[in-house]
Amino acid sequence: MNYFYFMRRYHLFVLALSVGLAIAGCNSAKPEPKAWNPVKKSYPVLKDYQLKLYPVGNKEFAAGQNADLSLCLRNFGKKQIRIDEWHMNEQDNIRIYYHPWQDDLFTFEPSKWTVVNPDFKQPINHFQLVLLPNNSVIITKPLPFVKTLKPSGDGSERRLLMVAELTLKSVTVRSSIFSITVKEQSAQMPK
């Protein structure tokens, strides 16, 4: 009799365990994993940095054509710099100012220059940009206004003064005044 009593209890135990597992498996609601949100409302303001922004490469463009300006952001300091606010769409990190050429213009007053702010694409995503000492990043910035510019009255070329600056709030970096040249399309352009 002990055998039958043991088998009955064993079957009841297995049945109860099976029903319990079946009920537990029916719960299809899974907890949502917390997504990492790279967009913060504020970023730490950097202190004690030596970042420089300057143009590199071609600064001559054909009138009526699309133009892209390459800018270099270099860390000239002795320590690593981490910018948490860096936009994933890199051209959104740069604001451009331009002004018609003047031989006697040596100072930058933003109110007297034409500004080209980036068209921030939504959603605005950020990531960390880490620059080790003497390292740099190259940013290609479209210059949409060059397509509408005409060369000067004699038709040869037109020169513009420009300043580039970072759009970030955590770091303030602005280039020196530099110039670009817009030439007639038929003029020989460097490749």
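Couple of notes before you dig in:
- Every condition in (1) modelled with pLDDT of 95 or more; (2) within 16 Å of Arg174 (Cβ to Cβ) holds for Lys112 except the one numbered (1).
- Residue identified as in a strand (DSSP E or B) and polar (S, T, N, Q) among Ser111, Ser70: Ser70
- Number of positions in segment 109-125 that are closer than 19 Å to Asp68 by Cβ and of a type in the set (A, V, I, L, M, F, W, C): 3
- Residues in segment 78-99 that are surrounded by 13 or more Cβ atoms within 10 Å (Cβ to Cβ) and either closer than 30 Å to Glu157 by Cβ or touching a Pro at 6+ places or on another chain (Cβ under 6 Å) (or both): 10 in all.
- When Phe106, Phe120 are checked against the criterion of being surrounded by 11 or more Cβ atoms within 10 Å (Cβ to Cβ), modelled with pLDDT under 85, over 17 Å from Lys59 (Cβ atoms) and aromatic (Phe, Trp, Tyr), a single residue qualifies: Phe120.
- Inside segment 116-169, residues that are of a type in the set (A, V, I, L, M, F, W, C), part of a strand (DSSP E or B) and either in contact with a Cys (Cβ under 8 Å, 6 or more places away or on another chain) or closer than 30 Å to Gln185 by Cβ (or both) make up a count of 9.
- Top-ranked residue in segment 143-189 [being farther than 28 Å from Leu73 by Cα and touching a Gly at 6+ places or on another chain (Cβ under 7 Å); ranked as modelled with the lowest pLDDT]: Gln185
The values are calculated or read from the model by the stated rules, or taken from the named source; none is laboratory data. The structure presented is a predicted model; accordingly, all values stated were derived computationally and were not measured. FYI the Cβ positions are ideal-geometry reconstructions off the backbone, even for glycines, and counts take in every protein chain you see.
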